[in-house]
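Notes to accompany the following structure.
The values are calculated or read from the model by the stated rules, or taken from the named source; none is laboratory data. Keep in mind the model is a prediction, meaning the values are calculated, not measured. Note that we place each Cβ from the backbone using ideal geometry, even for glycine, and neighbour counts take in every protein chain shown.
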Amino acid sequence: MKQLDILLNQAEKDICVFIDLLKKWQKAVNLISDSTIKDVWNRHVLDSAQLYSLIPETSKIMVDLGSGAGFPALVLAILNQVHQGPLEKIILIESDQKKALFLREVVRQLSLPVEILNKRIETVSNIQADLLTARALAPLQQLLLLGKKMITPSTTCLFLKGKKAEQEIQKCQIPCSIQKIRSVTSSESCILKITEVHYD
């Protein structure tokens with residue numbers, strides 16, 4: 001946690017711009033649950049930031065599925081920019097037009113190297129991801145199917161999961177290597193690090 005705090009402290013100015021925009025837009029667009037607004041830092045920022053240390057040094061292209069309010073993708077984009085991380089291109093896929101507009105505004109104000117695709121995930125093609133992320137979007141099997149066109153055997157997937165993670169692992173029939181990492185923000189949550197995904 002201490003290492004995470006140091007990472008975030010150096011990026012605090014940019015993250016605060018993001019959070020201020022989030023609170024402003026939340027009044028008109030339902031970006032996150034109203035019950036978590038008062039604790040955005042712990043519930044959303046810290047939860048997202050814990051993925052940063054798990055990004056492989058070889059990852060150049062990151063794709064985030066169903067980006068919503070920008071967690072974890074925009075937090076990772078900010079940390080990557082502030083700490084000169086390995087990512088060169090970050091693509092956020094969000095089908096909701098209002099949420100996509102919000103994401104574009106954050107990207108514009110912080111000059112982040114991020115591309116927003118206002119499309120359904122199923123319609124996106126010609127992108128190969130070194131790193132694929134998702135949070136609170138779909139069960140594991142469905143996430144791997146949604147990302148099928150973007151995932152190669154060398155892709156690393158980082159999925160933030162809740163208490164049903166073990167169930168999702170048991171139900172997943174797509175051959176892959178799964179590492180379950182304990183979340184720093186909740187004893188009921190975890191990160192699933194998926195590698196070596198092979199489709200029939």
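Residues in segment 153-164 that are at pLDDT 95 or above and not aromatic (Phe, Trp, Tyr): Ser154, Thr155, Thr156, Cys157, Leu158, Leu160, Lys161. Which one is farthest from Pro56 (Cα to Cα), of the residues in segment 75-101 that are more than 16 Å from the chain's Cα centre (by Cα) and either crowded, with 16+ Cβ neighbours inside 10 Å or acidic (Asp, Glu) (or both)? In this case the residue turns out to be Asp96. Return a yes/no flag: does segment 32-51 have any residue that is under 18 Å from the mean Cα position of the chain (by Cα), in contact (Cβ under 8 Å) with a residue 24 or more places away in the chain, outside any helix (DSSP H, G or I) and closer than 21 Å to Leu192 by Cβ. Looking through segment 32-51, at least one residue is under 18 Å from the mean Cα position of the chain (by Cα), in contact (Cβ under 8 Å) with a residue 24 or more places away in the chain, outside any helix (DSSP H, G or I) and closer than 21 Å to Leu192 by Cβ.
Assess whether Thr133 counts as being closer than 30 Å to Ala28 by Cα and free of Cβ contacts under 8 Å to residues at least 12 places away in the same chain. When the stated conditions are applied, Thr133 does not pass them. How many residues does segment 97-142 hold that are touching a Phe, Trp or Tyr at 6+ places or on another chain (Cβ under 6 Å) and under 21 Å from Ile55 (Cα atoms)? Qualifying residue count for the region: 2. Each residue in segment 29-58 was checked for being over 30 Å from Pro153 (Cβ atoms) and touching a helix residue (DSSP H, G or I) at 6+ places or on another chain (Cβ under 8 Å), and 12 pass. Being within 21 Å of Glu122 (Cβ to Cβ), in contact (Cβ under 8 Å) with a residue 12 or more places away in the chain, of a type in the set (Ser, Thr, Tyr) and touching a helix residue (DSSP H, G or I) at 6+ places or on another chain (Cβ under 7 Å): is that true of Ser95 here? So Ser95 does not fit the description; no. Suppose we keep only residues that are under 17 Å from Ile6 (Cβ atoms) and hydrophobic (A, V, I, L, M, F, W, C) within segment 46-61. Which one would you say is surrounded by the most Cβ atoms within 10 Å (Cβ to Cβ)? Residue satisfying both the conditions and the ranking: Ala49.
Here are Ile127, Ile174, Ile151, Ile178: which of them is over 15 Å from the mean Cα position of the chain (by Cα), buried (at least 21 other Cβ atoms within 10 Å of the Cβ) and under 22 Å from Gly66 (Cα atoms)?
Values: Ile127 fails: buried (at least 21 other Cβ atoms within 10 Å of the Cβ); Ile174 fails: buried (at least 21 other Cβ atoms within 10 Å of the Cβ); Ile178 fails: buried (at least 21 other Cβ atoms within 10 Å of the Cβ).
Being over 15 Å from the mean Cα position of the chain (by Cα), buried (at least 21 other Cβ atoms within 10 Å of the Cβ) and under 22 Å from Gly66 (Cα atoms) holds for just one of Ile127, Ile174, Ile151, Ile178, which is Ile151.
The numbered conditions (1) surrounded by fewer than 13 Cβ atoms within 10 Å (Cβ to Cβ); (2) under 11 Å from Ser67 (Cβ atoms); (3) hydroxyl-bearing (Ser, Thr, Tyr) are all true for Ser111 except (2).
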